[in-house]
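Trainee: Just dropping this structure here.
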Amino acid sequence: MDPEQMVAEALKQKDDRAVFEQLALGALNHHECDPEFQRLLLHSALEGHELAEMFFEKFILRVYELLGGYIAERQRDGAMRNIDPLIVVRSFIGMIIHHSLNNNLWDPKRRLLKISNEEAAKNFTDILLNGISSGDGTPPAKRSDA
């Protein structure tokens, strides 16, 4: 999976939604189709194996550079708030990875959340680009089951 190729057109067009949604969907689909790869990476990282370092160097750094650079550019354009781009990338990837880990390791029957990868990618992108605040100043809704 080459993240830059996956979103090349969206990057050129500065289509924020497409950049993030396509990357999220690609990652979610990859994790769903090959859960053993995710397990292998986790094991290699826990054991300090060189596979984890190779994955970090060849993939993780590239994603951070790609998205971090894109976010910085969009901040200069005035399209995104001035937040450290690497924190934004970490937050976005965190949503994706946590969702995949839940689906593949802890909740394969999807008892907590049963949504398609497309729905997850769309909603994670919505949260990233728009946050969750209503923005109208009203207090947040209280959960009745709390």
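Readers should treat all values here as calculations from the given coordinates under stated rules, not as data from a laboratory. On a predicted model such as this, the values are computed, not experimentally measured, just so you know. Glycine also receives a Cβ, built like all others from the backbone with ideal geometry; neighbour counts cover every protein chain displayed.
Trainee: For the range 9-130, what is the convex hull volume of the alpha-carbon atoms per residue, in Å³?
Mentor: It comes to 110 Å³ per residue, whole-number rounded.
Trainee: If amide hydrogens are placed 1.01 Å from N in the peptide plane, which non-local residues have theirs closer than 5 Å to the one on residue 80?
Mentor: The list, which skips near neighbours in sequence, is 75.
Trainee: Residue 123 to residue 50: FRET efficiency via 1/(1 + (r/R0)^6), r the Cβ-Cβ distance, R0 41 Å, to the nearest 0.05?
Mentor: With a Förster radius of 41 Å, E is 0.70.
Trainee: Next question, about the same structure. What is the dipole size for the chain, taken about its Cα centre, with +1 at each Lys and Arg Cβ and -1 at each Asp and Glu Cβ, in debye to the nearest 20?
Mentor: The dipole magnitude comes to about 560 debye.
Trainee: Between residue 29 and residue 113, what FRET efficiency comes out of the Förster formula 1/(1 + (r/R0)^6) with R0 = 22 Å and r the beta carbon distance, rounded to 0.05?
Mentor: Efficiency at R0 = 22 Å is approximately 0.85.
Trainee: Residue 105 versus residue 12, label points 7 Å from Cα toward the beta carbon: distance in nm?
Mentor: Rounded to a tenth, the inter-label distance reads 3.9 nm.
Trainee: Still on this structure: Rounded to whole Hz and in sequence order, give me ³J(HN,Hα) for the range 7-13 from the Karplus expression 6.51 cos²θ - 1.76 cosθ + 1.60, θ = phi - 60°, writing x for Gly and Pro.
Mentor: Whole-Hz 3J(HN,Hα) from phi for the range 7-13: 10, 3, 5, 5, 5, 4, 7.
Trainee: Between residue 64 and residue 82, what is the label-point separation in nm under the 7 Å Cα-to-beta-carbon projection?
Mentor: 2.3
Trainee: Would you calculate a helix-derived [θ] at 222 nm for the chain, using -39,500 (n - 2.57) for each DSSP H run of n ≥ 4 and dividing by the full residue count, to the nearest 500?
Mentor: -19500 deg cm²/dmol
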